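Quick notes on the structure that follows.
Every number here is computed from the coordinates shown, using simple stated rules; none is lab data. Every value quoted in this text rests on a predicted model; they were computed, and no experiment measured them. Don't worry about glycine lacking a Cβ; one is built from the backbone with ideal geometry, like all the others, and counts go over all protein chains shown.
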């Protein structure tokens, strides 16, 4: 049983508007991420909200997700990872973390990560770029203690001998959106992939 946590609490400072709500086709970027995660082998989807939570919560109403609020979202990504880890089902064997601004990631690749996690029993399974990543539930206590803006990178470094890196994720899937230029690149890629 894998719990998915989508990190969508950011302020979008560089973008100047909520990047989670930017449109790709007829859906927002965050909706595309939710769609793709929901088609992978996960037992639940938790979306961590912070800034712009009311607008994002409204958009996610039709989806089978549980939204949780991170009141410390302005303190950095680590607090959102911690908030998500607290919320996962107690029966979960692993926690999959996905960025809410990577709309080109595929459900097939997420499922591949889950397969590697289940077959290897690794403490952490990650992509070459870091996220998405799956953390064994044994790390839940340490995930809950995270602060600052480095997210789970601290644990990737601490347990580097027990990390399995899954290669082969096409570079376009890692494309996230921090600026208007990034958004334009993702829109161009999106059009090509349709």
Quiz item: Helix 29-38 sits at what angle to the longest principal axis of the chain, using alpha carbons and giving 0 to 90 degrees rounded to 10?
Solution: 40 degrees
Quiz item: 222 nm [θ] for the chain, helices only, -39500 (n - 2.57) per DSSP H run of 4+, per residue, to 500?
Solution: -10500 deg cm²/dmol
Quiz item: What is the stretch 5-112 by shape, rounded, prolate or oblate, if you read a ≥ b ≥ c off the alpha carbon gyration tensor as root eigenvalues and call it rounded for a/c under 1.5, prolate for a/b larger than b/c, and oblate otherwise?
Solution: oblate
Quiz item: Going by how many other Cβ atoms sit within 10 Å of their own, how do 108, 180 line up, fewest first?
Solution: 108, 180
Quiz item: Taking only C-alpha pairs under 8 Å that are 6+ residues apart, what is the relative contact order of the chain in percent?
Solution: 26 percent
Self-check item: Degrees between helix 107-120 axis and first principal axis of the chain (Cα, 0 to 90, nearest 10)
Solution: 10 degrees
Quiz item: Which peptide among 60-68, 85-93 comes first, and what is the full order, when sorted by highest mean count of other Cβ atoms within 10 Å?
Solution: 85-93, 60-68
Exercise. Only one of the values (1) 38, 35, 29; (2) 48, 36, 30; (3) 71, 45, 29 was calculated from this structure for Cα extents along the principal axes in Å; name its label.
Key: (1)
Exercise. Would you mind telling me the antiparallel percentage of the DSSP bridges in the stretch 2-193, rounded to 5?
Key: 30 percent
Quiz item: Ranking 125, 186 by Cβ neighbours within 10 Å, fewest first, what do you get?
Solution: 186, 125
Quiz prompt | Share antiparallel - DSSP beta bridges, the stretch 1-88, percent rounded to 5 | solution = 15 percent
Quiz item: Would you list 1, 187 from fewest to most Cβ contacts within 10 Å?
Solution: 1, 187
Practice problem: Report, in degrees rounded to the nearest 10, the 0 to 90 angle that the Cα long axis of helix 77-87 makes with the longest principal axis of the chain. | Solution: 70 degrees
Quiz item: For the stretch 90-194, what relative contact order do you get, as a whole percent, if you take Cα pairs closer than 8 Å and at least 6 residues apart?
Solution: 34 percent
